[in-house]
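Just below is one structure, and these are the notes that go with it.
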Amino acid sequence: MHIPEPRGPISAALLAILAGRPEDIPEGLAGLPSLVTARLAEAGDVVEDEDVQLALFCLYELHYGGLDGVDDGWEWHPGVITVRRLLEQPFEQALRAASSAAVSDVPQVPAAGPVSDGVATVLFALAALDTGPSLSKHVAKKATVSQLREFLVHKSIYQLKEADPHTWAIPRLTGRAKAALVEIQADEYGGGRADRMHSALFARTMRALGLDDGYGAYVDTVPAIALASVNMMSLFGLNRRLRGAIAGHLAMYEMTSSRPNQLYGNGFRRLNFDAAATAYFDEHVEADAVHEQIAGRDLAGGLVEAEPDLLPDVLFGATAAIAVDARLTLRMMDAWENGQSSLRSGLAAAGAAAA
């Protein structure tokens, strides 16, 4: 991914350091932890802090496809990991607070019956909660072409590498939960067909609407909350202690996918887009109707059955997914209802910058 434009002192200092070689002693690296600590003391809500979320996103990207021109040796550099942990701690705390506020009354797992079924019952109950305006219904009935393009840009930060953050959990799980995750991920990656990978289908949708389908092409355009939604998955997936959270997140992701994707596809068809644009959504209508059962009972439920102490983290991952998705939805809906763009800069400006 191309190196994004800094959004504050942390991301500016970090990106300047990453431009150097890890075997050297970059100027500023020793002082970066102090800068981060001072900046965090002044920050408000880190979930929507542009500087914090961009810095975290860049740090996590070192573990994925990397950053253009940045030495791969930075991935596990102790100084960089120190900074990542300094940013992760308040981010996790903020996610826990946001998830508790979004879902204040989490149902209890039924005492009777199999544990895995009980966990699935609770997750399905959480998925049924309606905490705000429906983005999928807006897309189906009212969205303009420009709003569809903005919707895709927000989603592209994750969807163009769809499944990757959850895949980190495979070696952290065993038995039934591991097998369930592998089954889900195999579908996400197209069952071995590169053209059927869900990320490839999403790229096709972007091209159908005249958008750049390069990974991270719009990283400078999306707001902090869009980055936070991906950073949350990376936080859960890269930290073994949060394996319960990544399982709960994926379960909730699958349980809240099938019907919305049907509505998204209908919205694109309403505006006369063909199968090249709707294949991504249509694929998820069928696939996620199956995945939600596997994710709820076998992945999340199987994990709690094997490791009962992970139940709170499974529920945390699920409710955090609800909370962050609701905030991203509100960002888009509020902007559109007021006749404004939901992005940091217009797509025309983004296209000119990319050119």
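The values are calculated or read from the model by the stated rules, or taken from the named source; none is laboratory data. Bear in mind the structure is a predicted one, so any value in this text is a computation, not a measurement. Reconstructed Cβ throughout: ideal geometry from the backbone, glycine too, with neighbour counts over all protein chains shown.
Counting residues in region 47-55 that are among the polar types (S, T, N, Q), farther than 28 Å from ALA177 by Cβ, under 16 Å from the mean Cα position of the chain (by Cα) and not assigned by TED's automatic domain parsing to the domain that holds MET233 gives one or more. Annotation note: of LEU87, LEU67, the sole residue that is within 21 Å of ALA41 (Cβ to Cβ), modelled with pLDDT of 95 or more and either in the same structural domain as GLU48 (by TED's automatic domain parsing) or surrounded by fewer than 12 Cβ atoms within 10 Å (Cβ to Cβ) (or both) is LEU87.
Taking region 258-334 as the region of interest, the helices (runs of 4 or more DSSP H) fully inside it that hold 2 or more residues being aromatic (Phe, Trp, Tyr) are 258-270, 275-293.
This table checks each residue for (1) in the same structural domain as HIS138 (by TED's automatic domain parsing); (2) surrounded by 18 or more Cβ atoms within 10 Å (Cβ to Cβ); (3) modelled with pLDDT under 95.
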residue	(1), (2), (3)
LEU263	yes, yes, no
GLY267	yes, yes, no
LEU271	yes, no, no
ALA277	yes, yes, no
PHE281	yes, yes, no
ARG297	yes, yes, no
GLY301	yes, yes, no
GLY346	yes, no, yes
ALA349	yes, no, yes
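Checking each residue of region 84-91 against the condition of being charged (D, E, K, R) and within 30 Å of TRP336 (Cα to Cα) gives no match. If the condition is being part of a helix (DSSP H, G or I), more than 22 Å from THR329 (Cβ to Cβ) and not basic (Lys, Arg), then region 202-225 contributes ALA203, ALA208. Among the residues of region 150-180, the one identified as of a type in the set (A, V, I, L, M), crowded, with 19+ Cβ neighbours inside 10 Å, in a helix (DSSP H, G or I) and without any contact (Cβ under 8 Å) to a residue 60 or more places away in the chain is LEU152. Helices (runs of 4 or more DSSP H) fully within region 1-96 that include at least 2 residues being charged (D, E, K, R), closer than 30 Å to THR319 by Cβ and in contact (Cβ under 8 Å) with a residue 60 or more places away in the chain: 50-61.
The rows are residues; the columns are (1) touching a Ser or Thr at 6+ places or on another chain (Cβ under 7 Å); (2) within 29 Å of GLY65 (Cβ to Cβ).
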residue	(1), (2)
ALA125	no, no
LEU129	no, no
ILE157	no, yes
LYS161	yes, yes
ARG172	no, yes
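Would you confirm, using the coordinates I've provided, whether GLN185 is in a helix (DSSP H, G or I) and in contact with a Ser or Thr (Cβ under 6 Å, 6 or more places away or on another chain)? It is true that GLN185 is in a helix (DSSP H, G or I) and in contact with a Ser or Thr (Cβ under 6 Å, 6 or more places away or on another chain).
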